[in-house]
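J.: Would you mind keeping the following structure in view while I ask a few things?
The values are calculated or read from the model by the stated rules, or taken from the named source; none is laboratory data. This structure is a prediction, so every number in the text was calculated from the model and none was measured. All Cβ positions, glycine included, derive from the backbone under ideal geometry; neighbour counts span all protein chains shown. Side chains are part of the model used for accessible areas, which takes the heavy atoms of the whole protein and leaves out ligands, DNA and RNA. Shrake-Rupley method; radii C 1.70, N 1.55, O 1.52, S 1.80 Å.
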Amino acid sequence: MLSVNSLRIVGSSRAVLHSSWLTTNRVLVSKAVTCTAYCMSTSLHRKGTWHSNMNFRALRKGRELFYFTNQSASPRNCCTSQIKLNCWNCKHLLDKRPAFFCVSCKAVQPPVEGTSYFKIMDCDYTFTLDTQKLQKTYLQLQRSLHPDNFSQKSVKEQEYSESQSALVNKAYGTLLKPLSRGLYMLELEGMNIEEGTDSGADSNFLMKLMEINEALDEAQAPEEAIMIGRDIKGKLADLTAHIDAALRKGELQAAKAILVQMKYYANIEEKVKEKLSEFL
């Protein structure tokens, strides 16, 4: 159940919060209604989702309209999908989420804080996303949002284009590789893997890693390093399949343990590249 404390309502001194809010489910806001980046941090259910039977709307005041509707949500979309915004330039209602441009005046829009990378790149929220579609979307967005296209525009539009372009770059880089994609999905579900720790890796696994690293260090020919690299790629492919299965079942702890292993193997994969460069 979504609690009142999970929302932060910000407005000017003219904003009025009706005392009958709980019974009428209505709130009057003068400027903005925002949702915290992880508004369900204390109400996550087994599969990382939360539900609300509340249906409350912000009435129009001034030039902006925001409203929330009754629906299920998750950490990946609760902060943006339920908020209606207007164009900063012409005040036209922005129906699309996320809105990179206003359909009325064509002005580039500022990024909306908390928007999921999956939404930015128009991808399904799944570990096995279509990377070809991801790349196509990336190229399309960068062609339209590149700062060079706005050199003759206002300072505000130049700043917005730079912010949007940088955000698209970050979203693309995160979702492109299985490891960073999986880590990001766990982060959206409120789970993180700390850097520089061996938590989640048993001693037998760490011993195997040590043996692989020693074999790579002792490699005397490119063929030896290539063979190790192929073995690592195979292991990463297997782990990728296991992560997808765990995430589909909502087994986040299992997915986290697999991602820890992936991080180690990905590190060795980079070492293989470095080793091969030494033979050139």
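J.: Could you check segment 262-280 and list, in sequence order, the residues that are open to solvent by 40 Å² or more (accessible area, probe 1.4 Å) and within 14 Å of L186 (Cβ to Cβ)?
T.: Within segment 262-280, just K263 meets the criteria.
J.: Say whether the condition of being of a type in the set (A, V, I, L, M, F, W, C), assigned to a helix (DSSP H, G or I) and free of Cβ contacts under 8 Å to residues at least 12 places away in the same chain is met by at least one residue in segment 139-151.
T.: Checked segment 139-151: at least one residue is of a type in the set (A, V, I, L, M, F, W, C), assigned to a helix (DSSP H, G or I) and free of Cβ contacts under 8 Å to residues at least 12 places away in the same chain.
J.: When the residues of segment 216-259 are narrowed to those that are within 22 Å of the chain's Cα centre (by Cα) and outside any helix (DSSP H, G or I), which ends up modelled with the highest pLDDT?
T.: So the residue we want is E251.
J.: Report yes if some residue within segment 159-174 is open to solvent by 40 Å² or more (accessible area, probe 1.4 Å), at pLDDT 95 or above, of a type in the set (D, E, K, R) and under 23 Å from L247 (Cα atoms); otherwise report no.
T.: yes
J.: Residues of segment 251-261 being open to solvent by less than 20 Å² (accessible area, probe 1.4 Å) and within 18 Å of L129 (Cβ to Cβ), which ones?
T.: Of everything in segment 251-261, those that are open to solvent by less than 20 Å² (accessible area, probe 1.4 Å) and within 18 Å of L129 (Cβ to Cβ) turn out to be A255, L259.
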